[in-house]
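Asker: Handing you a structure now.
The values are calculated or read from the model by the stated rules, or taken from the named source; none is laboratory data. All figures in this text were calculated on a predicted structure; none of them were measured in a lab. Neighbour counts run over all protein chains shown; Cβ positions are idealised from the backbone, glycine included.
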Amino acid sequence: MSVRFDGQVAIVTGAGNGLGKSHALELARRGARVVVNDLGGARDGSGGSLTAAQQVVAEIEGFGGEAIANGANVTDYAEVEAMVEAAVEKWGRVDILVNNAGILRDKSFAKMEIDDFRLVMEVHLMGSVNCTKAVWELMRKQNYGRIVMTTSSSGLYGNFGQSNYGAAKMALVGLMNTLYLEGEKYGIKINCLSPTARTRMTEDIIPDPKVLDLMTPESVTAGLLALVAEAAPNRYILGAGAGSFACARIVETEGVYLAPEQQTPEAVLADLDTISDGDQQKELFGGLNQTVKFVQKAAKALDVE
Ligand code: NAD
């Protein structure tokens with residue numbers, strides 16, 4: 001089964017460099033018409049220019065593909081709406097949105113300025129919210145859409161000095177979980193990509209050139225394209241890097257029911273091993289499922305209909 005995007009329109013944010021550039025090029029090589037969005041700023045989000053996006057467009061046109069450059073700042077909803085309108089005006093639809101734009105402002109939490117926390121949340125979380133909101137109605141009307149949130153192992157598992165970035169990246173998983181429920185019946189599939197690759201974001205964090213050479217953006221792009229293909233999974237967190245692919249999931253253990261007289265912090269602490277026993281752990285598809293599970297356990301223990 002070959003994955004093609006002929007006739008489809010894709011928006012890739014932050015596509016002037018690194019992973020976004022690689023995603024945009026491969027989508028275009030496989031037939032998509034691509035909006036190459038990039039603010040063109042530095043790694044910390046300062047500055048801006050359309051040159052990087054224009055260079056990617058030139059590369060796409062060079063192999064016979066179709067693309068337009070766009071300099072919208074994903075944090076600005078009016079600019080994002082105008083970007084989507086420009087795509088619709090030119091090509092009539094938007095099938096794929098890859099929320100990829102991002103910045104770093106790393107510091108230990110003790111030293112972090114609140115503005116650096118806010119800006120990182122704004123770009124990663126609100127940038128993805130803005131772009132998704134701007135295509136949502138269109139995708140619902142089309143009865144088709146593929147959206148990817150770029151999360152990170154920093155959010156899923158933590159990383160020293162990245163409280164702002166990790167919080168924003170994990171928030172995107174929460175956003176996916178609810179949009180999955182709201183978009184499913186309109187043919188919208190929404191997934192998260194957790195990449196690790198050699199880009200300007202990681203070059204000085206992983207200084208060993210031999211390691212960096214293994215971590216190509218193209219190897220991650222293979223995973224991204226799977227997440228936006230017609231046959232894409234839904235509500236999937238795909239880890240991708242250096243040619244390996246893995247699925248991250250949030251599971252809940254079966255847990256224990258404690259009788260009313262045992263519902264104390266002492267009993268919870270004493271039971272932690274049983275509470276965390278993973279034998280029957282499961283993914284829950286919707287928050288209410290947890291409530292139902294807990295209420296059923298109590299009703300059974302107390303013999304309530
Ligand atoms: P990168 O710095 O090479 O690319 C990010 C791009 O986003 C830049 O071109 C930048 O100009 C653009 N951008 C930043 N703020 C923007 C804004 N407000 N509006 C529009 N464009 C904006 O970094 P990368 O490594 O390619 O990262 C891409 C995505 O992958 C990011 O979301 C990043 O957090 C995530 N990620 C990367 C890695 C990795 O190993 N490289 C790991 C985990 C997550």
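Asker: Taking only the range 133-146 into account, find how many residues are within 14 Å of the ligand (Cβ to nearest atom) and either surrounded by fewer than 18 Cβ atoms within 10 Å (Cβ to Cβ) or within 12 Å of the chain's Cα centre (by Cα) (or both).
Answerer: Quick first cut of the range 133-146, residues within 14 Å of the ligand (Cβ to nearest atom) only: 134.
Checking the rest, the ones that are also either surrounded by fewer than 18 Cβ atoms within 10 Å (Cβ to Cβ) or within 12 Å of the chain's Cα centre (by Cα) (or both) come to none.
The number of residues fulfilling the criteria is 0.
Asker: SER49 versus (1) over 19 Å from GLU122 (Cβ atoms); (2) at pLDDT 95 or above: which is the lone unmet condition?
Answerer: (2)
Asker: While we're looking at this one, here's another question. Looking for something surrounded by 13 or more Cβ atoms within 10 Å (Cβ to Cβ), within 18 Å of the chain's Cα centre (by Cα) and free of Cβ contacts under 8 Å to residues at least 24 places away in the same chain - is there at least one such residue anywhere in the range 283-296?
Answerer: Taking every residue of the range 283-296 in turn, none turns out to be surrounded by 13 or more Cβ atoms within 10 Å (Cβ to Cβ), within 18 Å of the chain's Cα centre (by Cα) and free of Cβ contacts under 8 Å to residues at least 24 places away in the same chain.
Asker: If you don't mind, there's one more thing I want to ask. Which numbered condition trips up GLU89, out of (1) over 21 Å from VAL123 (Cβ atoms); (2) buried (at least 18 other Cβ atoms within 10 Å of the Cβ)?
Answerer: Going through the list (1) over 21 Å from VAL123 (Cβ atoms); (2) buried (at least 18 other Cβ atoms within 10 Å of the Cβ), GLU89 breaks only (2).
Asker: Taking the stated definitions as given, is TYR157 more than 10 Å from the ligand (Cβ to nearest atom), under 22 Å from ALA197 (Cβ atoms) and surrounded by fewer than 23 Cβ atoms within 10 Å (Cβ to Cβ)? Before you say what the answer is, go through the steps one by one.
Answerer: Working: more than 10 Å from the ligand (Cβ to nearest atom): yes; under 22 Å from ALA197 (Cβ atoms): yes; surrounded by fewer than 23 Cβ atoms within 10 Å (Cβ to Cβ): yes.
Judged against the criteria, TYR157 is a match.
Asker: Moving on to the next point. Can you find, within the range 1-42, the residue that is farthest from the chain's Cα centre (by Cα) among those that are away from the ligand (no atom under 14 Å from the Cβ) and in a strand (DSSP E or B)?
Answerer: Across the range 1-42, the extreme among qualifying residues is ARG33.
Asker: Does PHE109 meet the test of being away from the ligand (no atom under 11 Å from the Cβ), assigned to a loop (DSSP other than H, G, I, E, B) and surrounded by fewer than 20 Cβ atoms within 10 Å (Cβ to Cβ)?
Answerer: Working: away from the ligand (no atom under 11 Å from the Cβ): yes; assigned to a loop (DSSP other than H, G, I, E, B): yes; surrounded by fewer than 20 Cβ atoms within 10 Å (Cβ to Cβ): yes.
So PHE109 passes the test.
Asker: Here's a follow-up. Can you pull out the residues in the range 51-77 that are under 25 Å from GLY92 (Cβ atoms), out of contact with any Leu (no Cβ under 9 Å at 6 or more places or on another chain) and not small (Gly, Ala, Ser)?
Answerer: GLN54, VAL57, GLU61, GLU66, ILE68, ASP76, TYR77
Asker: Take GLU254 and tell me if it is in a loop (DSSP other than H, G, I, E, B) and at pLDDT below 95. Step through it out loud before you land on a result.
Answerer: Values: in a loop (DSSP other than H, G, I, E, B): yes; at pLDDT below 95: no.
Considered against the rule, which asks whether it is in a loop (DSSP other than H, G, I, E, B) and at pLDDT below 95, GLU254 comes out as no.
Asker: Among the residues of the range 223-247, which ones are away from the ligand (no atom under 11 Å from the Cβ), touching a residue at least 60 places away in the same chain (Cβ under 8 Å), of a type in the set (Gly, Ala, Ser) and surrounded by 15 or more Cβ atoms within 10 Å (Cβ to Cβ)?
Answerer: Residues satisfying the conditions are ALA226, ALA229, ALA232.
Asker: Would you please list the contacts, defined by Cβ atoms under 7 Å and residues six or more apart or on different chains, that run from a residue in the range 96-109 that is within 17 Å of ASP204 (Cα to Cα) and modelled with pLDDT of 95 or more to a residue that is among the hydrophobic types (A, V, I, L, M, F, W, C) and within 11 Å of the ligand (Cβ to nearest atom)?
Answerer: GLY102/VAL123; ILE103/VAL120; ILE103/VAL123; LEU104/MET201; ARG105/LEU119; ARG105/VAL120
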